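Remarks on the structure that follows.
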Amino acid sequence: MSFPPAKYALSVATLLLGASLAIPAALASDKPQTFTGKVSDAMCGASHMMAGEPSSCLRACINKGSKYALVVGDKVYALDTSDKSALDQLDKLADRQAKVTGQANGDTIAVTSVTAAK
């Protein structure tokens, strides 16, 4: 099967255009993003189950192996970090607003930094 030269050129041009549009999108996804939301835990998400202070529930869930989470609107992101300073900051900001910088992949953020939201 052979293509006429015009169809071949059009096919190649379409392929190159598609590739040139896909590359910046792929590179942009590698850039860290900043998310602002309430610090929670992945087990409870937006609604803490234990009676009492939400921060106490959050810390109890973390001590039982849950990961920290960030509630941004209706979305709950699990926070993936083993950095001691980030974990300490998340503990200080339990049930408070925080700015988390990192790379999102689905419902998980690979955390690079945590600060209090102003």
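The table that follows gives values for the structure above.
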item: Thr101 accessible area, assembled protein chains, probe 1.4 Å, Å²; result: 30
item: The stretch 34-99 - convex hull of the alpha-carbon atoms, volume per residue in Å³; result: 77
item: Förster radius 25 Å - calculated FRET efficiency between Lys84 and Ala104, Cβ distance, rounded to 0.05; result: 0.65
item: R0 of 30 Å, Cβ-Cβ distance Asn63-Asp30: FRET efficiency to nearest 0.05; result: 0.35
item: Gained length - Val72 relative to Lys118, 0.36 nm times residue gap less alpha-carbon distance; result: 15.0 nm
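The values are calculated or read from the model by the stated rules, or taken from the named source; none is laboratory data. Keep in mind it's a predicted model, so treat the numbers as computed, not measured. Heads up, the Cβs are rebuilt from the backbone with ideal geometry, glycines too, and the neighbour counts pull from every protein chain shown. Just the protein is used for accessible areas: all its heavy atoms, side chains included, with ligands, DNA and RNA removed. Shrake-Rupley method; radii C 1.70, N 1.55, O 1.52, S 1.80 Å.
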